[in-house]
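These notes concern the structure reproduced below.
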Ligand code: ADP
Ligand code: GLC
């Protein structure tokens, strides 16, 4: 594979800032690409918390002339390194836009920052300027890899340029589209040619995600199954027509897991290390977890868990609809770590009050507890209505924490259901159910419990799961092929 210069644009990246799986991907895919001898630089907004965590920011480049707009006064580009890596990091430092503590997208009340359109339009303009070598960095990428709606305007702006890099737009979640009222288009001072149904307009609104979907040379999403699903009305969020129109440019590449952070063999955030050859220490982590969350320490009681953004997508309704019956009829424990919609947070807190010896609810975002849960729980549940990829089920496999998942998106692509046949030929890694209803989830829980009562079978699933390899290497190679296709499309389009 030739070496490409890749500018990787994202609105979050672990360990600098993370609200979900996008952070995991943006913090690890660039490293995997670099291992494939690619030249990769990450560019992201300089949020308040991020500057604190980024460590030494070595050089400060003054920005050159603006790109389709005047840039705000005092704006700078900071240069550093992604922690624990050799990846160059550029931070778009515009204090009035990004120097706010906490969540990158939401204000402390949990609603969108009112100026999100302005914030991510500015970010896109700067990325486009860097991509066109107009930011004083003396560097031009061959590929700009854009992620989710926050980066959607980048391919749109670059489509107006000749001598531009190829663009790739990766959809991590089609349900988040960056939709704003039509007036925003004028307020953002965007080039007039970007208004229209073949560009940023979506039923009279401005859609940032459409900038990526309509203009990128190649579109990808984070699992093969989701790449198919989003072409249907059930999952396409109104964008299925456009995605079908551009189907030859759409592909699905499964996310990898960063096993430097997520492997019980050497995870510094768990008390007892273990691996597929010697999984027994998992029991000690289970006791540590039960102690930590305040549940009775009992080796023989199965512990189910979820770590999640508490939003509708994740099937929280299904969980809340099936847990009371599960808890009433079976000796089980359930641990929930998450935050999100207040109605879900309240419901889980009420459940913990009602079943204090069976349910532990931890509201908040806690990386360390997430690792302890992965290592100590027996089974991890992800009953998502849709799931572009999902990372926790992949982590759960490596931690011997048998996943229970709904057959959708990346969940369908990563977990092998414990059918009699799969159990016989030792390929089963979890429980997969179809219907998005509480009774179907309850049946899935009960199937898991029945297998848990057969220790040899359960242990076989645990070990088979732990041996699965979802490391980034394979996916990174697929991204390289995707970049080649993007370059070929760009050459073709620029000639036209
Ligand atoms: P999504 O990106 O849709 O939220 P993923 O499964 O792809 O779902 O990734 C979620 C990531 O965020 C995982 O690394 C998970 O452990 C982490 N995560 C989610 N909620 C929490 C939380 N409350 N505390 C700690 N980590 C969390
Ligand atoms: C999104 C999706 C999730 C995916 C993650 C990383 O947040 O909801 O399924 O794993 O992005 O690609």
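Couple of notes before you dig in:
- Global form of the stretch 338-415, assessed from the alpha-carbon gyration tensor, a/c cut-off 1.5: prolate
- Label positions at residue 260 and residue 197, each projected 7 Å from the Cα along the C-beta direction, are separated by 4.8 nm.
- Two-site FRET efficiency, residue 298 against residue 278, from Cβ-Cβ distance with R₀ of 30 Å, rounded to 0.05: 0.85
- Projecting label points 7 angstrom from Cα along Cα→Cβ for residue 139 and residue 493 puts them 2.4 nm apart.
- The stretch between residue 484 and residue 79 holds 143.0 nm of extra length on full extension. This uses 0.36 nm per residue minus the Cα-Cα distance.
- The fraction of all Cα pairs in the stretch 266-377 landing in successive 10 Å bins from 0 to the largest distance is 14, 46, 31, 9, 0, given as whole percents.
- Per-residue Cβ neighbour rank within 10 angstrom, fewest leading, 132, 1: 1, 132
- Anisotropy class of the stretch 381-456 from Cα gyration tensor, a/c 1.5 cut: oblate
- Long-range Cα-Cα pairs in the stretch 279-468 (distance over 29 Å), rounded percent: 12 percent
- Cα centroids of the stretch 315-341 and the stretch 268-291: 23 Å apart.
- Helix-only mean residue ellipticity at 222 nm for the chain, each DSSP H run of n ≥ 4 adding -39500 (n - 2.57), per residue, nearest 500: -11500 deg cm²/dmol
- Efficiency of FRET from Cβ geometry, residue 329 and residue 52, R₀ 41 Å, rounded to 0.05: 0.25
- Protection proxy ranking, highest mean first, for peptides 149-160, 170-181, 78-89: 149-160, 170-181, 78-89, where packing is the per-residue count of other beta-carbon atoms within 10 Å, averaged.
- Pairwise label distance in nanometres, residue 35 with residue 228, each label 7 Å out on the Cα-Cβ vector: 2.9 nm
- Value in Å of the Kirkwood radius, where the stretch 369-496 supplies the Cα pairs that are averaged: 16.0 Å
- Every Cα-Cα pair in the stretch 155-252 was counted, and those over 15 Å apart are 59% of them.
- On a per residue basis, the convex hull of the C-alpha atoms belonging to the chain measures out at 142 Å³.
- All Cα pairs of the stretch 319-374, percent lying beyond 15 Å: 46 percent
We did not get these values from a lab; they are worked out from the coordinates using the rules stated. A quick note: this is a predicted structure, and the numbers were derived from the prediction, not measured. When we count neighbours, we look across all protein chains shown, and the Cβ atoms used for this are built from the backbone with ideal geometry, even at glycine.
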